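Novice: A single structure is presented below for examination.
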Amino acid sequence: MRIVRYFKKPVFWFWLLTVTILAGSGGAYVYYAGNKAEKELQSKHIQLARIIRSSCNVQDILTLTGNPSDDTLEQFDNLKKLFSRIGDTDNSIRYIYLLGQRDDKVFFFLDSEPDRYTGKADSEPLAACGEIYSDMPAGMNHVFLDKNDDIVGPYTDKWGRFITAVIPVVDKNSGKLICVMGVDMLADNWDQYI
């Protein structure tokens with residue numbers, strides 16, 4: 001009987017309404033702040049990939065054929081060293097690579113990792129020149145078609161779980177797509193930032 005009378009009091013309904021409004025607005029704020037943080041991180045990751053792309057010598061990239069013999073080329077070595085040095089300056093980077101497309105299959109021109117990972121237990125063997133990217137996430141495909149930057153992931157492939165900035169490398173004179181650059185960040189790191 002006492003409980004029923006308590007529910008009839010305006011004070012009960014006031015506090016119930018107050019707690020509901022506070023919980024709802026707190027949840028909405030957390031959702032909004034998380035989305036905002038994710039958008040900012042996506043933007044920064046794309047900007048980082050653009051900076052890396054701008055530091056590349058396009059002529060070096062054009063010498064690559066996507067065949068295993070590419071790893072003997074000086075240009076291949078220059079690009080791989082450049083990507084490793086860049087990766088060593090930013091702890092968010094796990095892999096930087098160049099992808100090509102031939103006969104409707106996506107392959108690696110070049111794959112690199114920062115020197116801080118080389119020889120470590122959590123270091124997977126890099127993709128070989130010309131290796132088909134058989135478990136490439138579907139979200140990367142459209143960059144080959146529309147030549148627009150994008151963030152893909154989280155996804156899992158044989159190297160791990162990642163969020164990737166994928167950007168086209170385009171010949172400025174002809175507008176032709178040369179390759180697609182991928183800059184991987186470990187998905188666990190991404191989740192921590194957000």
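The values are calculated or read from the model by the stated rules, or taken from the named source; none is laboratory data. None of the values given here were measured: they were computed from a predicted structure. Neighbour counts run over all protein chains shown; Cβ positions are idealised from the backbone, glycine included. For the accessible areas, the whole protein counts, side chains as well, though only heavy atoms, and no ligand, DNA or RNA atoms are used. Shrake-Rupley method; radii C 1.70, N 1.55, O 1.52, S 1.80 Å.
Novice: Identify, from the list PRO114, PRO168, PRO137, PRO125, the residue that is over 30 Å from GLU40 (Cα atoms) and either open to solvent by less than 70 Å² (accessible area, probe 1.4 Å) or out of contact with any strand residue (DSSP E or B) (no Cβ under 7 Å at 6 or more places or on another chain) (or both).
Specialist: Going through PRO114, PRO168, PRO137, PRO125 in turn, the sole match is PRO125.
Novice: Name the residue, out of GLN75, GLN59, GLN47, that is free of Cβ contacts under 8 Å to residues at least 24 places away in the same chain and buried (at least 16 other Cβ atoms within 10 Å of the Cβ).
Specialist: GLN75
Novice: Now for a different question. Against the definition (among the aromatic types (Phe, Trp, Tyr), outside any strand (DSSP E or B) and under 15 Å from ASP60 (Cα atoms)), how does PHE83 come out, yes or no?
Specialist: Taking the combined requirement at face value, the residue satisfies it.
Novice: Just the residues that are open to solvent by 60 Å² or more (accessible area, probe 1.4 Å) and polar (S, T, N, Q), please, taken from region 91-111.
Specialist: Result: ASN91, GLN101.
Novice: Moving on. Is it the case that region 131-151 has a residue that's touching a Pro at 6+ places or on another chain (Cβ under 7 Å), assigned to a strand (DSSP E or B) and modelled with pLDDT of 90 or more?
Specialist: No; the residues of region 131-151 include none that is touching a Pro at 6+ places or on another chain (Cβ under 7 Å), assigned to a strand (DSSP E or B) and modelled with pLDDT of 90 or more.
Novice: Looking at region 156-165, which of its residues are among the polar types (S, T, N, Q) and closer than 18 Å to LYS44 by Cα? So that I can check it myself, show each step before the final result.
Specialist: From region 156-165, those among the polar types (S, T, N, Q) are 156, 164; that's our starting set.
Correct list: THR164 only.
Novice: Six or more apart or on different chains, Cβ atoms under 6 Å: show the pairs whose first residue is in region 124-139 and touching a residue at least 40 places away in the same chain (Cβ under 8 Å) and whose second is part of a loop (DSSP other than H, G, I, E, B) and open to solvent by 20 Å² or more (accessible area, probe 1.4 Å).
Specialist: GLY130/ASN67
Novice: Of these, ASP150, ASP70, ASP88, which one is open to solvent by 30 Å² or more (accessible area, probe 1.4 Å), of a type outside the set (Lys, Arg), touching a helix residue (DSSP H, G or I) at 6+ places or on another chain (Cβ under 8 Å) and within 21 Å of ASN57 (Cβ to Cβ)? First the steps, then the outcome.
Specialist: On the way: ASP150 fails: within 21 Å of ASN57 (Cβ to Cβ); ASP70 fails: open to solvent by 30 Å² or more (accessible area, probe 1.4 Å).
Selected residue: ASP88, the only one of ASP150, ASP70, ASP88 that is open to solvent by 30 Å² or more (accessible area, probe 1.4 Å), of a type outside the set (Lys, Arg), touching a helix residue (DSSP H, G or I) at 6+ places or on another chain (Cβ under 8 Å) and within 21 Å of ASN57 (Cβ to Cβ).
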